[in-house]
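Report on one structure; see the data block that follows.
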C-alpha cells in the first residue's frame, strides 16, 4: 500500500479536529462569525439561517460563541416578548408531533408565524431528541411561516430550560408570534415549560376509564386545557366519555389565579378535526388574561422566577460539586439512615465542612 | 399617695426583665438546668414535665439552651423513630380541633400514647397559634396518655418545621407511639408536614357541590385519606354526595408509589361517629406500607430531604440576606421587568456581585 495522500477537510484545516461535528458547527467554525449587528439585523428581518445560527451559538459551550450569543441576545431583547407562548405536553404515543403539525398548519393558515421548540433534557448531541423532530412534521417543515427546532442537549434541565428561553427571545425578535414549546413528562421538564409559557396544554388519549394513568401528579392542575386526541373512528365514544370525566374532575379544583376555567375538548389530529376549537380556547384565554392583566403579571412572575431559579441552581451547584462536601454528605446521610444523626445535625456538619475550606 | 414598695417578682430578680414571659421560660431561667442525663432518663420514663421543658429548650433561641437541646436530642435519637406519624390538615372551620380530640381519645382508648403537635408559621410568641390549642380539646388535655403542644413560633417555615421534627424525636423517646401533626393551609406548611409524616389526612366539609374550593392545588394529591366531617343531622346526605365525588376524583389519579389507594370516608366529630373507621383506614395503610417496605423507604427519603432542605435554605439565606446582593437584586429585577435584561443575565450580575465581595 502506498502512502496515502491525506486530504485535509476544511474542518481539519481550521482546527485539526477529526471527530464528527454537526454541519452547522462546521459552518460556524470555518467562516468568520458574522458581526452581532449582522446577526440582529437579519434576525429582525426574519432570516431563518441567521436565526438558526444564532440559536446554535446560544446552545454552544464554546466561550467565544457564548460571548457572541450574549451580545445577540441583549440586542434582540427589546424586540422580543410580543408573542403567545404555548406549552404542550403528553405521554409518548399520544400524538404530539401529529397534533403540533396540524395545529401549526392551522395557525399559519390564520396568518401567524409559528416557532416550535422543545425541552427534552434526555436529548444529547449523539442521540438527539424525539421532540421537535422535523421528520414527524413533514408538512409543517415545508411551511415558510413555521420554524422547527429540536431540543437543545444539556446536562441539566436548568441548562436546557435556559437555552430554550433564550431561543424564545430570538424567535420573537425574528417575528414569530406564536411559540410552541413541546415537552414529554420527563422529570421536572413540565414544570420548567409551564414556567415559561402563557398557556399550558395537556394532550391526552381516551383510556379504558383509567384516565389519569401515567400523568404525574400536579400536571392536571397546571393545565389550562386538556385536549383528548384520536377522537376518530371507533374511539369517538370513548373520547367523549373521557371528556366528561376530565371536565368533572377539573371543576373540583379551586379557581385559578387567572380566573380562567380550564377547558376540555376532543380532537383528531390525524383527521384534522376540532383543531380550530383548540385555538379558539387559547384565544379566549389570551383575551381574558390580557383584559384582567394576569397575562402581564404571569410574565413578570416567570421572569423573576427564572432569575431566582438560576441563582439558586448555581449556588447549589457550587456547593454540591465541592469534593469535600460530596464526601461529607455521603458520610452524614449514612449516619442519618442509621438513626445516629438527626437531619438537622447532618446538615450542620456538611455546612461546617464547606465553610472551613 | 405614699411611696409604692416595689415587690420584685422572681423574674425581675433574676434578669431585671419587666415584660411578660411564659411560665416555662421563667422556670428554666431561675433554676439550674437539669443535666442532659437527667433530661434523657426522665424523658425515657415518659415524664411530661421533662418532655415539655426539653421541647421548650429546642424552641429557644438562647445559645446555651440550644446547646443543651442538641445534647438531649442526640441522646434521645436512638430511642425515637418507633411511632406512626399522622398529618392532619384542613381549612379553618372544618373542625380540626374537635376531630383531633375525639380521634385522640379513640386512640388512647385503644391503649396508645398520643402526642399532638402543630406546624403554624403564623404563630408568634405574642399571639400564639390557633392550632394545638388545648382549650379546644378539653377532654384530651386531661387524658394522661395524651400530650398536646402548640406550634413553635418562628420566623420561617423552615425553622418551625425543624423544631417540630425535633419535638417528634423527643415525643417518640418519651414513648408516644402515635404523633399527630396538625396544620392549616398556610403557604407551604402542608408540604412541610407531608414531608414529616407517614400518613397525610385531609379533613373536609361537604360543600354545596364546590367540593375543592379553598384547597390549594396539590393537596388532594398528597392525601392518603379524605375525611368528610360534620356528617350529621341535615348534612348527612350532602356529606355522602361529597364522598362519592371525592372518591371518583381520587380514582382519576395515577397510582401512588406506596400502592395505597387513598380512601374517602365521612364522620361526625361532634357526634363521635365513624372515628374508628378513620383509624382503621390508617391501620390498613400502615400494614400495607410496612409489608411492601414503602414505610421505611419514605422515612429514609424524608430524612434525606430534610438534610438537603436545611442545607439549601441556609445557603440561600446566607446569599439573599447579604446587603450587596439585596441591592443588586432589586436593581436587576427592575431591568428584567423593563425587558432590558434577560433573566439569565440578571442572575449572573447578582452572582458576580456576591463573589466579588
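The values are calculated or read from the model by the stated rules, or taken from the named source; none is laboratory data. None of the values given here were measured: they were computed from a predicted structure. Cβ: placed from backbone, ideal geometry, glycine included. Neighbour counts: every protein chain shown.
A few notes on this one:
- Any hit, region A:294-308, residues being away from chain B (no Cβ under 14 Å) and either in a loop (DSSP other than H, G, I, E, B) or over 18 Å from residue A:205 (Cβ atoms) (or both): yes
- Residue A:271 fulfils the conditions (1) touching a helix residue (DSSP H, G or I) at 6+ places or on another chain (Cβ under 9 Å); (2) within 14 Å of chain B (Cβ to nearest Cβ); (3) free of Cβ contacts under 8 Å to residues at least 60 places away in the same chain except for a single criterion, (2).
- Counting the residues of region A:139-180 that are in contact with a helix residue (DSSP H, G or I) (Cβ under 8 Å, 6 or more places away or on another chain) and without any contact (Cβ under 8 Å) to a residue 24 or more places away in the chain gives 1.
- Matching residues in region B:75-104 - criterion: being more than 18 Å from residue B:266 (Cα to Cα), touching a helix residue (DSSP H, G or I) at 6+ places or on another chain (Cβ under 7 Å) and in a helix (DSSP H, G or I): B:75, B:76, B:77, B:79
- When restricted to residues that are assigned to a loop (DSSP other than H, G, I, E, B), more than 23 Å from the chain's Cα centre (by Cα) and within 21 Å of residue B:137 (Cβ to Cβ), region B:252-281 contains 5.
- Extreme residue, farthest from residue A:161 (Cα to Cα), among residues of region B:334-343 that are at the interface with chain A (Cβ under 7 Å from one of its Cβ atoms) and crowded, with 19+ Cβ neighbours inside 10 Å: B:336
- Candidates B:242, B:284 - the one that is within 14 Å of chain A (Cβ to nearest Cβ) and not in a loop (DSSP other than H, G, I, E, B): B:242
- Taken as a whole, the structure places residue B:58 among residues that are within 21 Å of the chain's Cα centre (by Cα), under 19 Å from residue B:181 (Cβ atoms) and not assigned by TED's automatic domain parsing to the domain that holds residue B:220.
- Selection count, region B:33-51, where residues are assigned to a helix (DSSP H, G or I) and in contact with a helix residue (DSSP H, G or I) (Cβ under 7 Å, 6 or more places away or on another chain): 8
- From the list A:236, A:228, A:180, A:215, the lone residue that is within 11 Å of chain B (Cβ to nearest Cβ) and either crowded, with 21+ Cβ neighbours inside 10 Å or at pLDDT 85 or above (or both) is A:215.
- When residue B:61 is tested against (1) buried (at least 16 other Cβ atoms within 10 Å of the Cβ); (2) in a loop (DSSP other than H, G, I, E, B), exactly one condition is not met: (1).
- Yes/no for residue A:261 being surrounded by fewer than 19 Cβ atoms within 10 Å (Cβ to Cβ) and modelled with pLDDT of 90 or more: yes
- Checking residue B:316 against (1) more than 7 Å from every other protein chain (Cβ to nearest Cβ); (2) part of a helix (DSSP H, G or I); (3) within 30 Å of residue A:295 (Cβ to Cβ), the condition it does not meet: (1)
- Tally, over region B:146-169, of residues that are surrounded by fewer than 19 Cβ atoms within 10 Å (Cβ to Cβ) and either over 10 Å from the mean Cα position of the chain (by Cα) or within 11 Å of chain A (Cβ to nearest Cβ) (or both): 3
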